[in-house]
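Remarks on the structure that follows.
The values are calculated or read from the model by the stated rules, or taken from the named source; none is laboratory data. Everything numeric here is computed off the predicted structure, so don't read it as measured data. We place every Cβ from the backbone using ideal geometry, glycine too, and count neighbours over all the protein chains shown.
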Amino acid sequence: MNRRIAFRNARLVDPASNLDAKGGLLVENGKIADVGPRLFNDADAKDPEVIDCKGMILAPGLIDMRVFTGEPGSEHRETLESASLAAAAGGVTTIVVMPNTDPVIDEPSLVDFIRRRAAATAKVRVVPMAALTKNLAGEVMTEIGLLTEAGAVAFTDGDRTISNTRVLRRALAYASTFGALVVGHAEDPDLSEGASVTEGEYAMRLGLPAAPAAAEAIIVERDIRLVEMTGARYHFGQISTRASLDVIAAAKKRGLPITCGVAAHNLALNELDVGAYYTFMKVKPPLRSESDRSAMLEGVASGVIDVIVSGHDPQAADTKRQPFAQAAFGAVGLETLLPVALGLHHDGRASLSLVLKTLTAAPAKILGLNAGTLAKGTPADLVLIDQEDPFTVREGELRSRARNTPFEGRSFHGRAQKTYVGGECVFDRKARR
Amino acid sequence: MTTARAETILKSSHLLGTETLSVGEITALLDLADTYVALSRSNNKKTDVLKGRTLINLFFEASTRTQSSFELAGKRLGADVLNMSVKTSSVSKGETLIDTATTLNAMRPDILVVRHQDSGAAELLSRKLDCGVVNAGDGSHEHPTQALLDALTIRRRGRKFEGLLVAICGDVLHSRVARSNINLLLKMGARVRLIAPRTLLPGDADRFGVEIFHDMRKGLEGVDVVMMLRLQLERMSGAFVPSTREYFRFYGLDAEKVKLARPGALVMHPGPMNRGVEIDSAVADDIEVSVIQEQVEMGVAIRMAVLDALSRGLAVEGRNAP
């Protein structure tokens, strides 16, 4: 099938090639066949399918590096399919799924299971990370070589920190043998045990168990030492404090192979949003002080923070409708990732190109994916964005199976209008509602 | 009693490692071992160069192969051989190494062969005993007779050390065999590659003056000799490598990987082998490439040469006088 789709009258934004210009794009056989400022300018495209973008942004589909689902094991919270529907609605064409499932993705056959399930059910691309230690227990490293061959794109214990430094050192040394990427979670497990929120005046007034913000930087510093020792490629999945940012900036300056991400909720919310014990505000890393939040905005603007992620972590009513201390951590975020990120552009914090880079070219480069660009020959994973479209988040309108959004009732402008994966339209806002 | 009929080979009265051996000493030991290969292949395998001498094998770690090799070497040279293993000695009753040494010293042995789990144990004994000490393996430090027998095997296969490309593969981190071989081979003019995952290599391995490879396929390209190392069972299940199946997949020597080496390359293993972990049976048992059985034969000859050489030094220095 030689299917052609012509996009015309678009604002092409491709951070990978520093492109930001009016123009057109041609999709052929699921791949980008041509792209450029002069393409389809005169509206004479004879293609059977011509899409007039009306000046809206046409960008590479977003890559979300940090998505938790419930498949396998907790399908009532989220399946690969339901997560993919939420992703498509959010303009996300690749979701990188965490191994924190039941069973844990720590075996080559389970990586294979995720890939086959995704191929059969998911509307967007699903890229699995595998566990770094067996059963996420932080004791015994996984078969990094065989898991890589099976298709694991990186190794992580998800939202768990490996507390045994010797185990982590060996795991990093072993991973570096294969050039594998390790994704770490920085939260000292002893300092943060039992804590629900970040330590501070507000937590004190609420009387909630809290962990110091330094619990993050302590692990960041430790892990950087180990990276220095082992030469492993290392990515901090989500950072949230100014102290972490400073340490990572210094490490990058020393030339260490370190990258980091920030969750949308740590960019948009702070500790006060916990309000009257709203458990949807109980997230990892916890919502921090305003100073830490603005540090995250600065980090994105300066490029020290490489990627913005949703940290999508669907929780059902049974785990969230609880006293705050007993409620589960986590927030859904696939559908609010782009709107939150665009906020940085609207506020003049970062250029549109930089914002989109953290969602496309940067994660693609870190993960080594053939995606996140409008370059000719790459798969036609695309998102059409109306950056002005105003809307208010209503949990009832979310596609995710779980509805635990911390942005309920909050207004944004800018969101995905159409999403394409391999040239197939997987989401069209007009067609839906 | 041996007379001055034979020339001195070793400057030291101990053999603690290959690091301190000179090219001349190594060559002389290999030459002498050649004569003992011939002797061991004849009907009368015995000679009397160690007649009247007492050899004690003190093994704190079990090793059937090395211990019996030394025992046989001593007996073929006419020495009285006493085997002491840790289970029958007072060390298991809490005696310190020094006390054991003092006790043994009082029995006036001429040569003590020692295997110990701690690096430096042979060195310590050599300072406390009046007899010659042969290191039969100390911790992760040295195992000089293994490196010498490997060299003898290589040389008898007609290979020249100068420019020889040798790959040492596997658990270099814990291996005394690797350290002894690296010292000896570099000294003799060979080039050495180490092939292992980073978890099984010391961080400063390149300081040996060797090339480091993490990809076994790349490391094996064009090598003349492949030396496989044993991976201890307790190191296979997560601490250093995640599993035996993963280890075999990436670091096990199979027929396909052997093909990457130079045609006619030799495959060696110090034994005992973990088949299906570091080496495929198809390779280990392939008489076209594997010289593993030959290594065992050379082991007896080289140990005869070492004991002979050390006994000459003892006679000259008269260290055995009351």
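Summary table below
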| read-out | value |
| --- | --- |
| Selection count where residues are within 11 Å of chain A (Cβ to nearest Cβ), of a type in the set (K, R) and closer than 22 Å to B:A62 by Cβ, scope the stretch B:236-287 | 0 |
| Unique residue being over 21 Å from the mean Cα position of the chain (by Cα) and either closer than 22 Å to A:A331 by Cβ or within 14 Å of chain B (Cβ to nearest Cβ) (or both) when the list is A:E199, A:E187, A:E221, A:E216 | A:E199 |
| Residues located in the stretch A:78-97, provided they are under 20 Å from A:L146 (Cβ atoms) and either surrounded by fewer than 24 Cβ atoms within 10 Å (Cβ to Cβ) or touching a residue at least 60 places away in the same chain (Cβ under 8 Å) (or both) | A:V96 |
| Residue ID - nearest to the other protein chains (Cβ to nearest Cβ), chosen from residues in the stretch B:162-212 that are farther than 20 Å from B:S119 by Cα and in contact (Cβ under 8 Å) with a residue 60 or more places away in the chain | B:C169 |
| The stretch A:134-170 - residue that is polar (S, T, N, Q) and within 13 Å of chain B (Cβ to nearest Cβ) and, of those, farthest from A:E187 (Cα to Cα) | A:T148 |
| Filter pass, B:M298 being under 18 Å from the mean Cα position of the chain (by Cα), under 16 Å from B:L165 (Cα atoms) and not polar (S, T, N, Q) | no |
| Residues being surrounded by 21 or more Cβ atoms within 10 Å (Cβ to Cβ) and of a type outside the set (D, E) - total across the stretch B:217-247 | 14 |
| Considering residues of the stretch A:143-167 that are in contact with a Leu (Cβ under 6 Å, 6 or more places away or on another chain) and buried (at least 20 other Cβ atoms within 10 Å of the Cβ) only, the residue nearest to A:I219 (Cα to Cα) | A:I162 |
| Scope the stretch A:413-433; condition out of contact with any Asp or Glu (no Cβ under 9 Å at 6 or more places or on another chain) and either crowded, with 18+ Cβ neighbours inside 10 Å or closer than 15 Å to A:I51 by Cα (or both); matching residues | A:E424, A:C425, A:V426, A:F427, A:D428, A:K430, A:A431 |
| The lone exception for A:N100 - which of (1) outside any helix (DSSP H, G or I); (2) free of Cβ contacts under 8 Å to residues at least 40 places away in the same chain it fails | (2) |
| Candidates B:A62, B:A73 - the one that is closer than 26 Å to B:Q295 by Cβ and buried (at least 16 other Cβ atoms within 10 Å of the Cβ) | B:A73 |
| Breaking point among (1) more than 20 Å from A:M65 (Cα to Cα); (2) small (G, A, S); (3) touching a helix residue (DSSP H, G or I) at 6+ places or on another chain (Cβ under 9 Å), for A:A137 | (3) |
| Residue match in the stretch B:107-115 (condition: modelled with pLDDT under 95, on the phi > 0 side of the Ramachandran plot and either buried (at least 17 other Cβ atoms within 10 Å of the Cβ) or outside any helix (DSSP H, G or I) (or both)) | yes |
| Residues (part of a loop (DSSP other than H, G, I, E, B) and over 23 Å from A:V340 (Cα atoms)) located in the stretch A:78-97 | A:T79 |
| Condition check for A:E228: within 14 Å of chain B (Cβ to nearest Cβ) and at negative phi | yes |
| Residue selected from the stretch A:314-332 under the condition touching an Asp or Glu at 6+ places or on another chain (Cβ under 8 Å) and either on the phi < 0 side of the Ramachandran plot or assigned to a helix (DSSP H, G or I) (or both), by the criterion surrounded by the fewest Cβ atoms within 10 Å (Cβ to Cβ) | A:F329 |
| Enumeration of residues in the stretch B:242-258 that are touching a residue at least 40 places away in the same chain (Cβ under 8 Å) and over 25 Å from the mean Cα position of the chain (by Cα) | B:F250, B:K257 |
| Single residue of the stretch B:226-235 satisfying the filter (of a type in the set (A, V, I, L, M) and under 21 Å from B:S290 (Cβ atoms)) that is nearest to the other protein chains (Cβ to nearest Cβ) | B:L231 |
| Hits in the stretch B:118-161 (condition: touching a Pro at 6+ places or on another chain (Cβ under 6 Å) and of a type outside the set (S, T, N, Q)) | B:C131 |
